[in-house]
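The values are calculated or read from the model by the stated rules, or taken from the named source; none is laboratory data. Predicted model, so just to flag it, every value in this text is computed and none were measured. All Cβ positions, glycine included, derive from the backbone under ideal geometry; neighbour counts span all protein chains shown. With ligands, DNA and RNA removed, areas are computed over all heavy atoms of the protein, side chains included. Shrake-Rupley method; radii C 1.70, N 1.55, O 1.52, S 1.80 Å.
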Amino acid sequence: MSKTRNTENQFSFDLDEAEDTGLALEQTETVLELLDSWQQAGWIRPLDVRFARLIQDLSEEQGEAPQPLVLLLAALTSHQVGRGHVCVDLADLLADANSTLSLPTEEQENADSNLNGPEEVLARVSTEQCLDALGMALAVSDGSHTTPLILSGTRLYLRRFWRYEQHIAAGILQRLAQPSTLADPSSAAAITLSKSLDVLFKSQGSPVDYQKLACALTARNRFAVITGGPGTGKTTTVVNLLAALQSVAGESSERDGRKYRIRLAAPTGKAAARLNESIGGAVSRLPLAQLPGQVSLADIPTKVTTLHRLLGSRPDTRKFRHNRDNPLLVDILVIDEASMVDLDMMASVFDALPANAQLILLGDKDQLASVDAGAVLGELCQRAPDGHYLPATVQWLKAITGTDIPESLQNSEGQPLDQAVAMLRKSYRFAEGSGIRQLAEAVNTNTLSDSMLQQARSAGFEDVVWLNGSTNKPSQEDAQALICRHAVSGSPEAFHNNGEGRIDANNQPLPPPVGYRHYLSLMQSHTLDGNSTTEQWDELARSVLEAFSDFQVLCALRRGPWGVEGLNELIAHHLLKQRLIPRAEGWYAGRPVLITGNDYNLGLMNGDVGITFSLPWGASDKNNDEQPQPVLRVAFPSSDGSGDIRWISPSRLQQLETVYAMTVHKSQGSEFNHTCMVLPDRLSPVLTRELVYTGITRAKNWFSLIPGDASVFSDGVAQRVVRASGLASVLASGLVPELEEASQDSAES
């Protein structure tokens, strides 16, 4: 596709119309100066301004006068990618620029009241004018040839992210189109699957067994998604699914009884470790002897790895060792906590998968999306609540599972993707009367009622407490004092009946909620010394790490008095005053740390948590007559689910932070016996329904809330994360343009 210069038709403002705001978008330098002022105010990144200047340079190199509006839109597209969006939808941008861009934030607006924002700048711009300007720019194309920007409909992309989206869509559609040996319910493979599912799923008295349906639906597709909230049995479902698939493989004449090569992965080390822990027990309970196909324990994997390790990270590059030229040796790949997988990583997964390999995604569609650009799982599950199953799908599921699909989930106009998405709808973790469950569901559906809020604020739930609930907006000093007291004890006295009298899912007494004194007292009261064995120290470390996971403070923000940085310092100094730790800064026994970057040399992954110990290890050296000095070592649980402990010197740890408080984002893939969520005293763009829901559902048995302002909780729930993307639209259309192979061009850098 070629373009010609037409500077006479360049977009420009009428100067008289622009005088009221002092804006003149007909001049390139005016736009660049505006972008510089936004950068200096902290509204956009230096990278965003540099990208606009790159577009200017490329245009001039090709003999084109750079169009001011194109430079502005280029910078805003880069800005949106930094906020997690895949693209900018021009219609949404022009309808509400400040909201779409989250510019300026409330704090920035107060600090820079004289600075014109995006809404003023774009006030007289129409979608048609944007499309005309972009259509004439040599730096923009429809993807048919290499340009830094891609325009698809009204969506404007950086080329790299457009390619990621197209690659993922192509991988999904290619797999959905592959015929399945299970498609005919009378085939030997389908009969084996049906028999296996009858063995694996015993009748629970429920009219619809959504776990069984999910297994059947997933088994017949080369690409499938299983989504569900906390406690809906995603792990149990996928373990049963893998057993059923191996049973089918064992009976298959086409495979000569060869079992599938299966790999399990998760986006972070913490998520991988958690799945390791849960999947081992689920596999051990499988009735394998009753399945056809001679399925053994060795056929069901229990080791979970991170996606980075699975694909083979290469230092200082986004590329991986496994790609289309060096694919993974795998027949089935299962990715847990898929809501945390960004667009870049998901594209890399598809790039490394053999064309006939099956990909299964697990996750909660309502959780926070990945920190980086994209919300792949959320896009794929947009229609999941209503099913949209075709009559042919409904008939097939009935033949395989014996279950009638509710009419509310049927749709004669369902899309191909709908037939590969299963939603688990029954929670087994929380009882019907659980406050955590009711609060999470109300937040997720935006149906918070005044009566429910009042019940939470008056300790009306057994497992939920709104601390300082009688005060709408406590002073910052009072709130900080409350947070410190709560972090030490967990405030059992604030809960119904002092937290006493509850039982867990196994009908065992549930201990009252605790705070950080719980694990620190365990560290202080131990009797181990230099004569104790390594095994004894390992056992203590396991106990302390488990005790630490009994309580966790979660924050919406990173900075400020209500953020992770401020609260970690505040809590540490309060623990020092209580004589629970020897110091509040640097390294000390009892310091909990969170790894914030993958370190493959140490075998530590982003999200791993360790506890610092003071160890007299030198005392066991019989040839050393001198009394050894205690040394500090950080104990990390092994990520393979074995329960082993790794002791690492603090000097070897590079990317970490203290973790008395962590962001809700970092808590994904984890669960804690008692979770305390601290919300700021004013609304922030990051405080959304998805964040609040994710924070609540990290709690296993107890949940406490400390808002800086009572209204922030409800107002935050009203805000949604809606990430701009075209993935769902591309999948619905079923049309993916053929991508050229050139991937090293500068436009993708």
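Observations
- Residues R425, R720 ordered from highest to lowest accessible area at a 1.4 Å probe: R720, R425.
- Solvent-accessible ranking of M523, M677, largest area first, probe 1.4 Å: M523, M677
- Of K303/K365; K202/K270; K303/K398; K212/K666; K303/K426, those spanning more than 30 Å from alpha-carbon to alpha-carbon: K202/K270; K303/K398; K212/K666
- Checking [x] 30.3, 100; [y] 26.3, 87; [z] 27.8, 90 against Rg and Dmax of the Cα atoms in Å calculated from these atoms, the matching label is [z].
- The charge dipole of segment 531-601, taken about the Cα centre with unit charges on the Cβ atoms of Lys, Arg (+1) and Asp, Glu (-1), comes to about 400 debye, rounded to the nearest 20.
- Tensor-based shape of segment 437-588 (alpha-carbon gyration tensor, a/c under 1.5 rounded, otherwise prolate or oblate): oblate
- Sequence of E26, E61 when ordered by accessible area, the most exposed leading, probe 1.4 angstrom: E61, E26
- Prolate/oblate/rounded label for segment 261-335 (Cα gyration tensor, a/c 1.5): oblate
- Accessible area of the chain belonging to carbon and sulfur atoms, whole % at 1.4 Å probe: 46
- Those residues of segment 525-560 whose amide nitrogen sits under 19 Å from the label point placed on A41, 7 Å along Cα→Cβ: none
- Selection among Q129, T688, A266 by position relative to the dipole of the chain gives A266 as farthest towards the positive end (Cβ unit charges, Cα centre).
- Candidates I400, M346, Q358 compared by Cα position along the dipole of segment 317-463: farthest toward the positive end lies Q358, with charges placed on Cβ.
- Dipole moment magnitude, nearest 20 debye, segment 379-524 about Cα centre, only Lys, Arg, Asp, Glu C-beta charged: 300
- Cα-based shape type of segment 543-617, given that a ≥ b ≥ c are square roots of the gyration tensor eigenvalues and the cut on a/c is 1.5: oblate
- For S348, the accessible surface of its heavy atoms amounts to roughly 20 Å² (probe 1.4 Å, protein chains only, rounded to the nearest 10).
- Using heavy atoms of the protein chains and a probe of 1.4 Å, the accessible area assigned to L439 is about 10 Å².
- With the charge dipole of segment 187-328 set up from +1 on Lys and Arg Cβ and -1 on Asp and Glu Cβ about the Cα centre, the Cα lying farthest toward the positive end among the listed residues A216, A188, T227 is that of T227.
- Modelled FRET efficiency - R0 51 Å, A298 with A65, Cβ distances, 0.05 increments: 0.15
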